[in-house]
1. Taking every alpha carbon pair in the chain, what does the distance histogram look like in 5 angstrom bins from 0, in percent?
2. To test your reading of the geometry: what angle, between 0 and 90 degrees and rounded to tens, separates the Cα axis of helix 7-44 from the longest principal axis of the chain?
3. Run lengths n ≥ 4 of DSSP H only: what is the helix-derived mean residue ellipticity at 222 nm for the chain, with -39500 (n - 2.57) per run over all residues, to the nearest 500?
4. Rounded to the nearest 0.05, what FRET efficiency do residue 84 and residue 36 have when you use their Cβ-Cβ distance and R0 = 35 Å?
5. Hey, what did the chain get for relative contact order, percent, Cα under 8 Å, at least 6 apart?
6. About the Cα centre, and with charges only on the beta carbon of Lys, Arg (+1) and Asp, Glu (-1), how big is the dipole of the chain? Nearest 20 debye, please.
7. At a 1.4 Å probe radius, carbon and sulfur cover how many percent of the accessible area of the chain?
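The values are calculated or read from the model by the stated rules, or taken from the named source; none is laboratory data. Note that the coordinates shown come from a computational prediction; the quantities given were computed from them, not determined experimentally. For neighbour counting, all protein chains shown are included, and Cβ atoms are generated from backbone atoms with ideal geometry for every residue, glycine included. Side chains included, ligands, DNA and RNA excluded: accessible areas come from the protein's heavy atoms. Shrake-Rupley method; radii C 1.70, N 1.55, O 1.52, S 1.80 Å.
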Amino acid sequence: MRIGKSDHQVRLKVNLKFLVTPIAVEAKHKHQTQQEMNELQRDMKYQVEEEKADTESKIAMKKDAIQSNDESIQLYKDEQKSLQENLQKLNEKQQDLAMK
């Protein structure tokens, strides 16, 4: 007896695929922000004190943005893991039912 994939399994697979894009976007934003921050840090050695204070403020904002990206990526990965675990459980249940 062969049992087809449930609607729930299909939805989980679709949701898993949709999580790939936001993770990639967040990673790209993080990389871009890191590059901007590195450039600001390099520029600081040629600046006077007033400019350095402004640059340090910009660097702090970039660090906050990077931390936000990291948190978003982790949330997406946690959701992805949860969906994968649910899908695994459904697959196991489907196999158990098929064996009966």
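1. Final binned percentages: 2, 12, 15, 13, 10, 9, 8, 7, 6, 5, 4, 3, 2, 1, 1, 0.
2. Once rounded, one gets 10 degrees.
3. After summing the helix terms and dividing by the residues of the chain, the value is -33000 deg cm²/dmol.
4. 0.55
5. 49 percent
6. Roughly 1000 debye for the chain.
7. 51 percent
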